[in-house]
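One structure is given here, and the rest of the page talks about it.
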Amino acid sequence: MSKAPDKVAFEGDVAVRRLQHENALAAEARSRTRQERLAFPPIYVVVGVYRLITDKNLYIPTWDKCKHGFVRGAVVGLGWAVVSFNIQRAFIEIFLRNSPRVTGLSHESIFGYQFPFSVTTYATLLFVSNQVTHILRFFLSKNIRIARDRAWDQTMRSRGKGHEFWGPYIEEWAVPPHIDGWSWESWLGSYFGRVILLRGILLPLTFYPFVGIAVGAYLKAINTARYLHKQYFEVKKMSKDQVAVFMEERKWHYRAFGFAAALLESIPIIGLAFTVSNRVGAAMWAHDLEKRQHAVATGELKPIMPTLTVDNELKPMVGGWQDEKRKFI
């Protein structure tokens, strides 16, 4: 005996509502996960590494594009390392012998801490590996740039997003911050600043295990993050002022993301692979940031209001509570 039409309609309505409820829960879970990622941007660096390792649509095209240059660079780099290692070790040994009071280093310890191998050997390995990295970068320069751009595009395709997904810039703060015209971080991003950073500031620190890499990553954090999101800013057609405000509003997020990305890219030799995975992570972060832009544009999220604070913290804000207060005086 067939079911009554009313009962069939009722069961169909229940099934539709159940499906809608499940979809709503899934969307809420995705939104919550996205907000958790946005609260801690360095996680995107880890996500980028994971995606590059596990997604064959990412690692196969990347390797196919870079393998010939990598092989040629590896052969030249290995030959250079074998020929020059002992020579460089002798020069470094002379330097350490003549300047232990300046560097705090000796042949066997760093500030009294023993190493499983001599400091001279460590410093030589670090210098030679950095030189091999530059050799590899020379042979990979064009192809690895193409691989990075393709990694970004493939990441966006995997999210099902085309050019129509990217809307115009939406201001998310009710009171945008004021941007100064100069900062030490922008100066470090210039050619002259990079030369001073690499040749003057970081060179002495390279003798200390991990210290030079960490300090360099911190100093390069903002510029690394800005470079990794260059495609995001371009696809949204953002002006320089809009980019500056957008990054200032997320200054500590960009600094944390840039530090993690620069830290991985600073690792000798394998850091070249991380320049590709960081582009994947940056694309994932850009996708989540654009989702938030959509939410603000549609009114789902309200603009962030300034909080009551001391006068000194309000002064940098354009149109802040100080300006509002003057209207009524």
Of everything in segment 138-169 that's buried (at least 16 other Cβ atoms within 10 Å of the Cβ) and β-branched (Val, Ile, Thr), which residue is nearest to ALA273 (Cα to Cα)? ILE144
Just one of the numbered conditions (1) modelled with pLDDT under 90; (2) part of a helix (DSSP H, G or I); (3) under 30 Å from GLU248 (Cβ atoms) is not true of GLU93; which one? (3)
Give the residues of segment 143-162 that are more than 18 Å from GLY271 (Cβ to Cβ), free of Cβ contacts under 8 Å to residues at least 40 places away in the same chain and in a helix (DSSP H, G or I), sorted by residue number. ASP153, ARG157
For segment 220-270, please list each of the helices (runs of 4 or more DSSP H) lying entirely inside it that holds at least 3 residues being of a type outside the set (A, V, I, L, M) and free of Cβ contacts under 8 Å to residues at least 40 places away in the same chain. 221-228, 230-235, 251-265
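The values are calculated or read from the model by the stated rules, or taken from the named source; none is laboratory data. Since we're looking at a predicted model, the values are computed, not measured. In this analysis, Cβ positions are derived from the backbone assuming ideal geometry, glycine residues included, and neighbour counts consider all displayed protein chains.
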